[in-house]
Amino acid sequence: MFIKDRPISSKIIVLDALKRRIDVNHPQHGYVSSLLRRAEIGYQGEMKVDRLWKELAVPTNALLIHSFETTNDIGNSHQMDTLFVCPHFIFILEIKNVSGTIWYEEDKHQFLRRKRTGEVESFQSPFDQVQRHAEMIDRVVGRLGLSLPIHKAVVIAESSTIIGSIPEEFQIFHAIGLPAELKKLLLKYSNTALSPVHYELLTAHLQSIHKTGIYAPRFEIPPLRMGAICDCGRGMSFHYGKFVCTCGMKSREPLYQGLHDYRVLFDEWIANREFREFFLIDSQHSASKMLAKLNFYSKGTTKSKSYLIPEDIWRF
């Protein structure tokens, strides 16, 4: 089986940078922290389910893409937690890492959870989400002139969650049931639906339209904190080529952290002036020396020179 591992979602990366850059006393800081926590919980659940796939017996030529992202005909995005493709069928998973008791009111398209405290809250229906994805994948397959059974399911990553009233037509199960559910499908579709040539055509096309998107917050972003930020949370001053904090810390780590945040929140390219404005450095010469030492790929010359901040800036 060919596996495309799940990357850390851009939502987590962006929200983490925003949390660091929004003043802790600003009302949006708590909101961003809450969004980040939810995103991290979801990611942890997805990783828990991902580990199960490594133990499953599946066709050797199967394709497994964790966090499959693409856009439809009108430009709207589709983000599928897991997309499994083999010559027999396609299986799409929507993974939820929620606790308490869950149930679904079909007439209202309302997915509900009762926490252990008794509080009830509503979530976007995962059944409608996965149905939307299945319909889009069905169109993709059809446009290639192919036909392949498409199945979909909601998987609950938290083992203590109680699955309440769910209409029979919606498939939902705990993560531990994934091997059994996949085995059922492999037994049901024992014959291949696609020839090797057609299967290769499909998998190549799916991989070609798989494009990782960048999370764009749907809320107003307040003014952000500039400069290097110390581990203690304070802003650092720039003195003689170094960032110094009042707590006594002197380190280059906040420089890399700051460049990471700039890349995530603003642009992957940074010029001398932008570098100085972001890190609160007065001296153009000092900024030039620091940028030169980083040895980033650059384009342009003199005043128009820009530096490409690597995606793996933390390795520096």
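The values are calculated or read from the model by the stated rules, or taken from the named source; none is laboratory data. These numbers were taken from a predicted model, which means no experiment stands behind them. Note: ideal-geometry Cβ built from the backbone for every residue, glycine included; neighbour counts use all protein chains shown. Surface areas here come from the heavy atoms of the whole protein model, side chains and all, with no ligands, DNA or RNA. Shrake-Rupley method; radii C 1.70, N 1.55, O 1.52, S 1.80 Å.
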Among residues of region 261-274 being open to solvent by 30 Å² or more (accessible area, probe 1.4 Å) and closer than 20 Å to Ala292 by Cα, the residue farthest from the chain's Cα centre (by Cα) is Arg273
ask   = Of the residues that make up region 175-197, is at least one open to solvent by 70 Å² or more (accessible area, probe 1.4 Å), touching a residue at least 12 places away in the same chain (Cβ under 8 Å) and of a type in the set (A, V, I, L, M)?
value = yes
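If the requirement is being assigned to a loop (DSSP other than H, G, I, E, B) and more than 24 Å from Val197 (Cβ to Cβ), which of these qualifies: Glu55, Glu69?
None of the others qualify; the one that does is Glu55.
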Of the candidates Val85, Val130, Val120, Val98, the one satisfying the condition of being among the aliphatic types (A, V, I, L, M), under 22 Å from the mean Cα position of the chain (by Cα) and over 30 Å from Pro59 (Cα atoms) is Val98
Exactly one of Thr71, Thr82 is open to solvent by 60 Å² or more (accessible area, probe 1.4 Å), in contact with a strand residue (DSSP E or B) (Cβ under 9 Å, 6 or more places away or on another chain) and under 13 Å from His210 (Cα atoms), and that one is Thr71
Scanning region 103-160 for residues that are more than 21 Å from Leu201 (Cβ to Cβ), touching a residue at least 60 places away in the same chain (Cβ under 8 Å) and either open to solvent by less than 40 Å² (accessible area, probe 1.4 Å) or assigned to a helix (DSSP H, G or I) (or both) gives Tyr104, Glu106, Ala153, Val154, Val155, Ile156, Ala157
>> Take Ala204 and tell me if it is at pLDDT 95 or above and in contact with a helix residue (DSSP H, G or I) (Cβ under 6 Å, 6 or more places away or on another chain).
In response: no
Within region 3-27, residues open to solvent by 40 Å² or more (accessible area, probe 1.4 Å), of a type outside the set (A, V, I, L, M, F, W, C) and assigned to a helix (DSSP H, G or I) come out as Lys11, Asp16, Lys19, Arg20, Pro27
Over 20 Å from Ser147 (Cβ atoms) and touching an Asp or Glu at 6+ places or on another chain (Cβ under 6 Å): does that describe Asp81? yes
